[in-house]
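Just so it is clear, none of the values below were taken in a lab; they were calculated from the coordinates. Note that the coordinates shown come from a computational prediction; the quantities given were computed from them, not determined experimentally. Note that we place each Cβ from the backbone using ideal geometry, even for glycine, and neighbour counts take in every protein chain shown.
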């Protein structure tokens, strides 16, 4: 049963990363590139999307009960979701998709360290090897893309994007500590609300045309709300470092979509780094699956 749950959590996290990865290419096709305005609309639709799902699943009374009885971990997770939602979209409007996603490569290492410090979670050697290989791959991508950083605006975009991996890593640890039995889905909705409240005044008036509004509704529901719910379910069942590693798929997927859909062609160095990251992820999951299978046979 534990192996089956682990496999479902891995696939849920992969699905989340695939949905997250479309943000960059969709943003490149918007008519307006005002970062705070885009955060307002995307987070608003995300909050409504999660609210609709929670009301359908548990009704108004259940939702109110979960929020009223929420632990500090739910509110911490909500704040971290808010930072992730806001910083990522602002960074996308300041620098390229690849450079924004590259900043997220620190997430598995930060999550591994926080998981050890907070949860006292000891990782198997294969996971540390996967983290090292993935970091090497992302470091290679960074090195190949350094010469593309031009001007203070792109540098500011990279600095803003760095808020995402730190917040994500802390979020995975918080969700894991809460455990699978604690309802934490409302944190995604509250995080989106916090994101809206932070940007509404500096972004006002938040005007967009119908074209952008429809795309932002798509991003809010299918690129934030749905993958956020999937990630919560997965992070409550996987080690934070493993969630961080699987989250790197968003970078690989995102660079691919930006190449196909927005003409941001990656360099050969970026492609090599992407292959290293994918190899690290595949190797970690493959060896973990084989270890679990061998454990089942021994127990049987």
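Work out, in µm²/s and without decimals, the Stokes-Einstein translational diffusion coefficient of the range 165-248 at 20 °C, 1.002 mPa s, Rh from Kirkwood over C-alpha pairs.
Numbers: Rh = 14.3 Å.
D, rounded to a whole number, is 150 µm²/s.
What list do you get for 182, 79 if you sort them by fewest beta carbons within 10 Å?
Values: 182 14, 79 19.
Taking fewest neighbouring Cβ atoms as first place, the list is 182, 79.
Using Cβ contacts closer than 10 Å as the measure, can you line up 65, 176, 28, 120 from fewest to most?
Details: 65 13, 176 24, 28 17, 120 7.
By the 10 Å Cβ count, ascending, the order reads 120, 65, 28, 176.
Can you sort 14, 260 so the residue with the fewest Cβ neighbours within 10 Å comes first? Can you show the working numbers first?
Details: 14 19, 260 11.
Fewest-to-most ranking of 14, 260: 260, 14.
Spin-label model, residue 182/residue 260: points 7 Å from Cα along the beta carbon direction are separated by 3.8 nm. Distance from the C-alpha centroid of the range 181-237 to that of the range 34-85: 7 Å, rounded to the whole angstrom.
Gain on full extension, evaluated as 0.36 nm per residue between residue 4 and residue 32 minus their Cα-Cα distance, stands at 5.6 nm.
Take the Cα of residue 204, step 7 Å toward its Cβ, do the same at residue 275, and the gap between the two points is 5.3 nm.
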